[in-house]
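Inspection log for the structure reproduced underneath, given as structure tokens.
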Amino acid sequence: MPSKIKHITVVIGILFMLASCAGTVRPSAPDIEAVRTQLETLVNDFDGDVGIYARHLPSGQEISFNADALFPTASMVKVPILLALFDRIEKDSLDYDSTLVWLPEVVNYPAGGILSSFKDSATIALTKVISLMITYSDNHASLWCQELAGGGPAINAWLEANGFEQTRMNSRTPGRRDDWELYGWGQTTPKEMAELLVMIHENRAVSPWASEEMYRYLTRIYWDDEALAAIPRTVQVASKQGAVSASRSEVALVNAPGGDYAFCVITNNQEDTSWEDENEGFVLLRDVSKVLWERFSNP
């Protein structure tokens, strides 16, 4: 059960934010057509399928390229896992301060990553498992969190109940074998994935306390070579990345001086399936992020 102190802290934070915003000048709206033109050039030059969704939160202006089309989530599916996990915590069916016992057979996944290097029956705090899932995108930690969240059916039920019609968990989820073969671990649209981060950012996901905790996890990302590389290191960004051979993706919510903005870029059927820094998908993530930062960052 989240403590009263945590809830009080969130309320105080909200009141402080409202007070600090009083009398401030509303950020001006960006030249959205100029942004659209730049992004359209990037999309048209790409060898593969591309989906982009971006929204400047203060003005509400949006940019969409295949934003409602289905794409693989790859590791971005860890955001829905996070949401369903905190839903269980909020409902008191999972103790946020619990200590877990690592049993590799529970996850049943090939070795690799941080958690799989733990000794059998080693103990670890749930909060550290969540950190491994989000910060380092550790797949063993993520599969463990998936099970702790209630598995694929519970995650998909949360998504459906909260209005996300196309984002779904496929892996280890009964009845979704065909979807798994098409999209892998999960499937989503650029718009829905971006809106998941907006929901968390606006304290509408599960509860204000849960939203605040999840947002903090999402701002501690180790993998910062793509979209995050185009944003100054002093700017806070909540994000999650994903990559498989023919698909590269990233979702981010940037706390920019010119007003917060959210975006998601996903590729599929890439011709370039390499894993070098100059992979065409990785380059696209950096280029899109650079365009959005240059156009959206100034007050």
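The values are calculated or read from the model by the stated rules, or taken from the named source; none is laboratory data. Bear in mind that the values here come from a model prediction, so they are computed numbers and not experimental data. In this analysis, Cβ positions are derived from the backbone assuming ideal geometry, glycine residues included, and neighbour counts consider all displayed protein chains.
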Next on the checklist: Here's a check for you: in segment 208-259, which residue that is in contact with an Asp or Glu (Cβ under 6 Å, 6 or more places away or on another chain) and assigned to a helix (DSSP H, G or I) is farthest from Lys78 (Cα to Cα)?
Outcome noted: Ala227
Item to check | Filter result for Val43 (out of contact with any Lys or Arg (no Cβ under 6 Å at 6 or more places or on another chain), surrounded by 13 or more Cβ atoms within 10 Å (Cβ to Cβ), in contact (Cβ under 8 Å) with a residue 12 or more places away in the chain and not in a loop (DSSP other than H, G, I, E, B)) | outcome: yes
Item to check | The one condition in (1) buried (at least 24 other Cβ atoms within 10 Å of the Cβ); (2) touching a residue at least 60 places away in the same chain (Cβ under 8 Å); (3) within 23 Å of Ile32 (Cβ to Cβ) that Trp293 fails to fulfil | outcome: (1)
Checklist entry - Within segment 92-112, can you find the residues that are modelled with pLDDT of 95 or more, exposed (fewer than 14 other Cβ atoms within 10 Å of the Cβ) and under 22 Å from Arg216 (Cα atoms)? => result Asp95, Asp97, Ser98, Thr99
Item to check | Filtered residue count, segment 195-252, keeping only those that are among the basic types (Lys, Arg), crowded, with 20+ Cβ neighbours inside 10 Å and either over 24 Å from Val43 (Cα atoms) or over 13 Å from the mean Cα position of the chain (by Cα) (or both) | outcome: 1
Next on the checklist: Looking at the structure I just gave you, is Leu115 over 17 Å from the mean Cα position of the chain (by Cα) and crowded, with 17+ Cβ neighbours inside 10 Å?
Outcome noted: yes
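Have a look at Val77, Val106 and point out the one that is touching a strand residue (DSSP E or B) at 6+ places or on another chain (Cβ under 6 Å), assigned to a helix (DSSP H, G or I) and in contact (Cβ under 8 Å) with a residue 40 or more places away in the chain. Don't jump to the end; show me each part of the working.
On the way: Val106 fails: touching a strand residue (DSSP E or B) at 6+ places or on another chain (Cβ under 6 Å).
The conditions single out Val77.
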Item to check | Every pair of residues 6+ apart whose Cβ atoms lie under 8 Å, when the first sits in segment 208-223 and is within 18 Å of Leu132 (Cα to Cα) and of a type in the set (Val, Ile, Thr) while the second is in a loop (DSSP other than H, G, I, E, B) and at pLDDT 95 or above | outcome: Thr219/Gln236
